[in-house]
Amino acid sequence: MKDFLRPAQKEIRALAPDITGINRRIFEKPELNFNEHFAADHLCAALEAEGFKVRRGTGRLKTAFEAAWHGGRKAPVIAVLAEYDALPNIGHACGHSMIAAAAFGAATAAKRLLGKNCGTLKVIGTPAEEGGGGKLYMVKGGWFKGVDAAIMTHPANHTRTVARMLAVQELEFQYFGKASHAAAHPELGINALDAVIVLFNGVNAMRQQTPNFSRVHGIVSHGGDAPNIIPEYAAAKFFVRGITMKDFRLMMDKVTACARAAAKATGARLKVVKGGLAYEPFEPNRTMGKIHSAHFRRLGLIESGIPENEEIGSSDIGNLSQVVPCLHPEFAVSDPHIVNHSRDFLKAVCSKRGEENMLKAATAMAATVCALMSDPKLIPAVRKEFAESKRRNG
Ligand SMILES: [Zn+2]
Ligand SMILES: [Zn+2]
């Protein structure tokens, strides 16, 4: 396999002012879910100037885009993903400005290195990762059709190439009972709050028999109106999570069964309301991971050794990873005690150390993209692993 790391390093060094400039400019103009107009315009203009052909989204996905570079060959099609949405009140405390900047840098470097000697290289701009689930709608809308592999890179408090993420679905359980005087005629009421309490007890009893790494956590979203009224309406919101689709479906069934049992026990009527679409589990492609890890190591980005199943959340790239082989490495911009979505992490996003590691992450990604484009054995190996993991995890 041809070694692209040193040439990629040279390209990224030349592009460094542009890459850090993109990070700074998007950082200074934080935009929320599906409203990232400045960021999308800015990235599209930079990629267009570099020769990428830009297509913009419409409707809900107005701030989505695709920037494509068509090399001399039909295959493969490799996508570098850019996120650029910020968080409410706290701005770019998840560092998505860096994801966007690194995506621009990696794709530009790879394009300059490969020239016409490649398939199609795309930068796909995916809005609204923080709660909006932009990639869910993009997967449904066919934006990733024909893509052989996708890669992005995310700032974190540690460096790790291969990490999994949990599927998650929000569920609300609404119970409808019957109001009555709580002292004079409690026997005439049906207590909806009791149903919520039985639900929590049922879920807590169930925890011992759940698959490893599954999570279920909830709050009482309505608990009644006054202590002297038997609550006629009560509700609870839960997040249900699993590390594979098989585990996730099992958890959904178990939690819903607890909710039904609580209705039966109390006589309250149950209504189950799903909060939006489910995020599916993220399954990293280890074939891509191995190449990328070697690049991290040679660039002096030392992986933390945190196991792939630990310190994980959920992201909309999960849904993409169920249909396209994906990699979502993390690179350290802060010390381990400073976590994403905090004020200190916000400072790290424009720090000297943060931006140095962002450039290394862009270099590793560029070299990985070049390897995928130029080694004919790689994509079949990536695809084989993808098919096997689909069979195993359901
Ligand atoms: Zn985040
Ligand atoms: Zn994030």
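The values are calculated or read from the model by the stated rules, or taken from the named source; none is laboratory data. Please read these numbers as outputs of a predicted model, since none were measured by experiment. For neighbour counting, all protein chains shown are included, and Cβ atoms are generated from backbone atoms with ideal geometry for every residue, glycine included.
General observations
- Residue in segment 92-134 that is farthest from ILE151 (Cα to Cα), counting only those that are assigned to a loop (DSSP other than H, G, I, E, B), within 13 Å of ligand 1 (Cβ to nearest atom) and of a type in the set (A, V, I, L, M, F, W, C): ALA93
- Restricting segment 266-283 to residues that are among the aliphatic types (A, V, I, L, M) and surrounded by 14 or more Cβ atoms within 10 Å (Cβ to Cβ), the residue that is farthest from SER321 (Cα to Cα): ALA268
- Listed by first and then second residue, the pairs with beta-carbon distance under 7 Å, at least 6 apart or on different chains, first residue in segment 127-153 and of a type in the set (Ser, Thr, Tyr), second within 16 Å of ligand 1 (Cβ to nearest atom) and assigned to a helix (DSSP H, G or I), are THR153/ILE99; THR153/ALA102.
- Some residue of segment 60-69 being assigned to a strand (DSSP E or B), of a type outside the set (Ser, Thr, Tyr), under 20 Å from the mean Cα position of the chain (by Cα) and within 16 Å of ligand 1 (Cβ to nearest atom): no
- Top-ranked residue of segment 30-56 - restricted to ones that are free of Cβ contacts under 8 Å to residues at least 24 places away in the same chain and not charged (D, E, K, R), ranked as surrounded by the most Cβ atoms within 10 Å (Cβ to Cβ): HIS42
- Breaking point among (1) closer than 18 Å to PHE4 by Cα; (2) in contact with a strand residue (DSSP E or B) (Cβ under 9 Å, 6 or more places away or on another chain), for ARG112: (2)
- Looking only at segment 367-384, residues that are in contact with a Ser or Thr (Cβ under 8 Å, 6 or more places away or on another chain) and buried (at least 17 other Cβ atoms within 10 Å of the Cβ) come to 2 in all.
- Residue list for segment 152-178, filter: within 16 Å of ligand 2 (Cβ to nearest atom) and under 12 Å from the mean Cα position of the chain (by Cα): MET152, THR153, HIS154, ALA163, ARG164, MET165, LEU166, VAL168
- So THR256, is it β-branched (Val, Ile, Thr), out of contact with any strand residue (DSSP E or B) (no Cβ under 7 Å at 6 or more places or on another chain), away from ligand 1 (no atom under 16 Å from the Cβ) and in the same structural domain as SER180 (by TED's automatic domain parsing): no
- Of the candidates GLU130, GLU83, the single residue that is within 20 Å of the chain's Cα centre (by Cα), within 16 Å of ligand 2 (Cβ to nearest atom), surrounded by 22 or more Cβ atoms within 10 Å (Cβ to Cβ) and among the acidic types (Asp, Glu) is GLU83.
- Screening ASN319, ASN285 for residues that are of a type in the set (S, T, N, Q), within 16 Å of ligand 2 (Cβ to nearest atom) and in contact with a helix residue (DSSP H, G or I) (Cβ under 7 Å, 6 or more places away or on another chain) leaves exactly one candidate, ASN319.
- For segment 259-284, the set of residues classified as in a strand (DSSP E or B) and touching a strand residue (DSSP E or B) at 6+ places or on another chain (Cβ under 7 Å) consists of ARG269, LEU270, LYS271, VAL272, VAL273, LYS274, GLY275, GLY276, ALA278, TYR279, PHE282, PRO284, listed by residue number.
- Counting only residues that are over 20 Å from the mean Cα position of the chain (by Cα) and outside any loop (DSSP other than H, G, I, E, B), segment 328-363 holds 13 of them.
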